[in-house]
Amino acid sequence: MTERPHLAVVGAGPAGLAGALAAAARGVRVTLVDAAEQAGGQFYRQPAAALGARRPQALHHQWRTWERLRDGLERHVDAGRVTHLTDHHVWCVEGESGAFAVHALRGPAQEEGVTVRADAVLLATGGYERVLPFPGWTLPGVVTAGGAQAMLKGGLVLPGRTAVVAGTGPLLLPVATGLAAAGARVAALVESADPKALVRRAPVLAAQPGKLAEGAWYSGQLVRHGVRVLPRHTVVEAHGADRLEAVTVAGLDRDGRLRPGTARRIPCDTLAVGHGMLPHTDLAETLGCTLSGTDVRVDGEQRTDVPGVWAAGETTGIGGAALALAEGHIAGRSVAARLHGTTPDPRRWATASRSRTRLREFFAALDAVYTPPADWADRITDDTVVCRCEEVTAEQVRTAVDTLGAGDVRTVKLLTRAGMGWCQGRICGPAVAGLTGCPFTPGRRPFARPVPLGVLAALPEQETD
Amino acid sequence: MVGAACALYAARTGLDVRVVDRGPVAGGTTGAGEGNLLVSDKEPGPELELALLSARLWAELAGELGASVEYEPKGGVVVASTSGTLDALTDFAAGQRAAGVTAEPVDAAGLRELEPHLAPGMAGGVRYPQDAQVMPALAAAHLIRASGARLHTGRTVTGVLRAADGAVLGVRTDQGDIHAPAVVNAAGTWGGDLAALAGAHLPVLPRRGFVLVTEPLPRMVRHKVYAADYVADVASDSAGLRTSPVVEGTAAGPVLIGATRERVGFDRSLSLRAVRALAAGAIGLFPFLERVSALRTYAGFRPYLPDHLPAIGPDPRVPGLYHACGHEGAGIGLATGTGRLVAQALTGKTPDLDLGPFRPERFEATAPPGTNGDNNR
């Protein structure tokens, strides 16, 4: 047994990996708990080894960074400083300062309970896609932008032959170019925002030469693959009998409202829709961490307001892999210092800190530009299913609001069951909030994922009651 | 829920009713409830009489509101695992029968017929056909709508307006005054705070309960099924954790498992100790649940008074103030009867039941100094 302090890191994406490596290099025993079979998270998602991809780097940017993380993890694992638990799905973290229990489910059916005890926790749980429904969104052939990208990166499967990529946000570019590079015909990239608005934020952009270069590279790829870009347009409806056959797109005016007479039909068999990401905050919320809007609130050391709990990456605010790396690194160094009973010197991570500041500014600017069009909720027809788990339509939500006195998402949920199903409102939450006419707030989910009752019943007794 | 029922029955006597809530409809304990309409768990006495009255009224309302409140007269089954508890349960049921409850003894073979997935080896049980179920949030919303009362949600009562002689003139809210000669306190777990605004002492306290909700399943549990020690728990004065699982299927598919009983104030944070006990208890009754997933768990705060009876009726200390709170874990079930009694009190009719045991001023002797009298805060 070792006397070294023990950190549990939840999530092996960029933030979790950077945090684990930084802490492990400074005398902390680390257990890295992750749901995937391999490290990397969503950003560095790896093709399954059995597929024998010869050039997985062709699908990734920043392959060198990934190699550095991967090799670092391997070294620490070999040296016994890091324990990497793959295929462990964390459903709850409980505890108070200095004594945490990370409860996970293991195995393909996720039926076996595992508990990891630690002195501190770093939450690097990443984000998930914001889904906004529209008529026809449940047709087979309609996928999320991230889903399409995950298929490209992980399974190397081409989701369809003729694709439309739509929604808003910087993720649409790599999805469109990725699909095109993989051999799909990308009929259009439909972006509801006006990317020219970014130009007005030039000072922030100028500080980001790397990001500019990346954007320019993607634009070049779009041109190369002949992808038609439709800025200030939106998908109004997806058509098809049994599966997707076409989409109707229309132009938007400056206020985000449909421009009459601009609707046109584009035949396609795949529609990848993305409206940006939302942070996973369930574990943090149950631990009692304060949120700021949809994000876990952290200080300069990436500490939450619950002693012993750090957070980094998308869970503290959507900002991409480079920001996650910086935050994870700072978190890992702070954990190491604090667990050794010392106060860390922020000057030691000045480089990461500067890059964190710049990237946060950059993504704040992106956020301001890439917002869903103003009337998206009004355009959801009454018969459109908004909660797929419980099959709740937009009409049912509107009735709860108009005639039963529901003015918030929780009451709508109680009166319609929207958000009570398997996904616990992760998919329909933004849609229900939009239809209810209130801002989206993260739901309270004590269980971050479904837990077999047998696992609950067999939980270890707590040492302190 | 209790406020909604009061609004409905008061409106039906011809009164002009307004419902004021600082949150949304069903935003407090109602929204965290399971919707139990139980007679089975009550010993003979005033609460059981109220439960029987309420059960009749619920059945009436169900005919009127139809499926919109998900009323299900599915009946309850109380099981005993040993012959010792079965004897106690059988005696208890005999007393209930004398008070007007339909309670049918069931032997071990009969239990398997009623609930095929029940754990083997149970000694026997009692079936209570009068136990029923509603979806509480829907019930509250639809009762208010049916009442025609004006609904002011998101509006906080900050004071009770009173005349020089102490009589109620209405309420002060964060969005203006509402004038009325009568104010009904149906603030549930927060009923003590509202009473205090009128200068009356009413010691309502929270008792936390966790409920577990499973993934949707085909109907595997047909009744409300619980273990015999639940009956002992309800009347318990223990501050510690008391768990005896009530397991039931719902119209929507999920199985509900509840509920724990703890006195920990308004602490909403997850207690894995509590949900572990719930899960273990439920699996003890229905072994198939071991592999069924819980999708969520949530806490609610039952409003209880020291003698475990609600406060119902006029407050002689504050003319014009009526109480309808403190129903502990039975507020959904007892709401209709409470609403009827309050409406009768408001209109000067003879109530269906003696309000004596529910007198709101019955805790006067225990009042700490300075919490009663003319303190107008």
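The values are calculated or read from the model by the stated rules, or taken from the named source; none is laboratory data. Bear in mind the structure is a predicted one, so any value in this text is a computation, not a measurement. Here Cβ is always computed from backbone atoms with ideal geometry, including for glycine, and neighbour counts include all displayed protein chains.
Among the residues of the range B:1-51, write down those that are in contact with a Phe, Trp or Tyr (Cβ under 9 Å, 6 or more places away or on another chain), among the aliphatic types (A, V, I, L, M) and away from chain A (no Cβ under 12 Å).
Selection gives B:L37, B:L38, B:V39, B:L50.
Checking B:R273 against (1) among the charged types (D, E, K, R); (2) farther than 16 Å from B:R208 by Cβ; (3) in a helix (DSSP H, G or I): exactly one of these is not met. Which one?
(2)
List the residue pairs whose Cβ atoms are under 7 Å apart, where the first residue sits in the range B:243-262 and is at the interface with chain A (Cβ under 10 Å from one of its Cβ atoms), the second is surrounded by 22 or more Cβ atoms within 10 Å (Cβ to Cβ) and modelled with pLDDT under 85, and the two are 6 or more positions apart or on different chains.
B:I257/B:P245
Looking at B:A62, B:A5, which is the one that is under 21 Å from B:W190 (Cβ atoms), of a type outside the set (F, W, Y) and not in a loop (DSSP other than H, G, I, E, B)? Break it down into steps so the answer makes sense when it comes.
On the way: B:A62 fails: under 21 Å from B:W190 (Cβ atoms).
Selected residue: B:A5, the only one of B:A62, B:A5 that is under 21 Å from B:W190 (Cβ atoms), of a type outside the set (F, W, Y) and not in a loop (DSSP other than H, G, I, E, B).
I'm trying to understand the selection: among the residues of the range A:403-425, which are facing another protein chain (nearest Cβ under 7 Å), buried (at least 24 other Cβ atoms within 10 Å of the Cβ) and part of a helix (DSSP H, G or I)?
A:T411, A:L414, A:L415
Before we move on, is A:R445 of a type in the set (D, E, K, R), within 8 Å of chain B (Cβ to nearest Cβ) and either farther than 15 Å from A:V102 by Cα or surrounded by fewer than 17 Cβ atoms within 10 Å (Cβ to Cβ) (or both)?
Details: of a type in the set (D, E, K, R): yes; within 8 Å of chain B (Cβ to nearest Cβ): yes; either farther than 15 Å from A:V102 by Cα or surrounded by fewer than 17 Cβ atoms within 10 Å (Cβ to Cβ) (or both): yes.
So A:R445 passes the test.
Does at least one position in the range B:40-54 carry a residue that is buried (at least 24 other Cβ atoms within 10 Å of the Cβ), assigned to a loop (DSSP other than H, G, I, E, B) and either at positive phi or in contact with an Asp or Glu (Cβ under 8 Å, 6 or more places away or on another chain) (or both)?
Yes, because at least one residue in the range B:40-54 is buried (at least 24 other Cβ atoms within 10 Å of the Cβ), assigned to a loop (DSSP other than H, G, I, E, B) and either at positive phi or in contact with an Asp or Glu (Cβ under 8 Å, 6 or more places away or on another chain) (or both).
Just one of B:Y304, B:Y298 is facing chain A (nearest Cβ under 8 Å) and within 27 Å of B:G192 (Cα to Cα); which is it?
On the way: B:Y304 fails: facing chain A (nearest Cβ under 8 Å).
B:Y298 is the lone residue from the list that is facing chain A (nearest Cβ under 8 Å) and within 27 Å of B:G192 (Cα to Cα).
I'd like the full set of residues that are part of a loop (DSSP other than H, G, I, E, B) and either under 22 Å from B:A311 (Cβ atoms) or away from chain A (no Cβ under 14 Å) (or both), limited to the range B:135-174. Lay out the reasoning, then the answer.
Applying the first criterion (part of a loop (DSSP other than H, G, I, E, B)) to the range B:135-174 yields B:135, B:148-149, B:153-156, B:163-167, B:174.
Within the range B:135-174, B:A149, B:T156, B:A163, B:A164, B:D165, B:G166, B:A167, B:D174 meet the criteria.
Can you give me the number of residues within the range B:145-168 that are touching a residue at least 12 places away in the same chain (Cβ under 8 Å) and surrounded by 17 or more Cβ atoms within 10 Å (Cβ to Cβ)? Give the derivation first.
As a first pass, look at the range B:145-168 and keep what is touching a residue at least 12 places away in the same chain (Cβ under 8 Å): B:146-162, B:165-168.
Right, trim to surrounded by 17 or more Cβ atoms within 10 Å (Cβ to Cβ) and you get B:146-147, B:149, B:151-153, B:155, B:157, B:160-162, B:168.
The number of residues fulfilling the criteria is 12.
Kindly list the number of the only condition in (1) within 29 Å of A:G419 (Cβ to Cβ); (2) surrounded by fewer than 21 Cβ atoms within 10 Å (Cβ to Cβ) that fails for B:G300.
Every listed condition holds for B:G300 apart from (2).
Restricting attention to the range A:272-288, which residues are buried (at least 21 other Cβ atoms within 10 Å of the Cβ) and over 14 Å from the mean Cα position of the chain (by Cα)?
Residues satisfying the conditions are A:A272, A:V273, A:L283, A:A284, A:L287.
Could you tell me which of the residues A:E314, A:E285 is within 14 Å of another protein chain (Cβ to nearest Cβ) and either touching a residue at least 24 places away in the same chain (Cβ under 8 Å) or of a type outside the set (K, R) (or both)?
Working: A:E314 fails: within 14 Å of another protein chain (Cβ to nearest Cβ).
The unique qualifying residue is A:E285.
Given (1) in a helix (DSSP H, G or I); (2) modelled with pLDDT of 95 or more, identify the lone condition not met by A:T83.
Exception for A:T83: condition (1).
In the list A:V114, A:V143, A:V131, which residue meets the criterion of being in a loop (DSSP other than H, G, I, E, B) and surrounded by fewer than 24 Cβ atoms within 10 Å (Cβ to Cβ)?
A:V131
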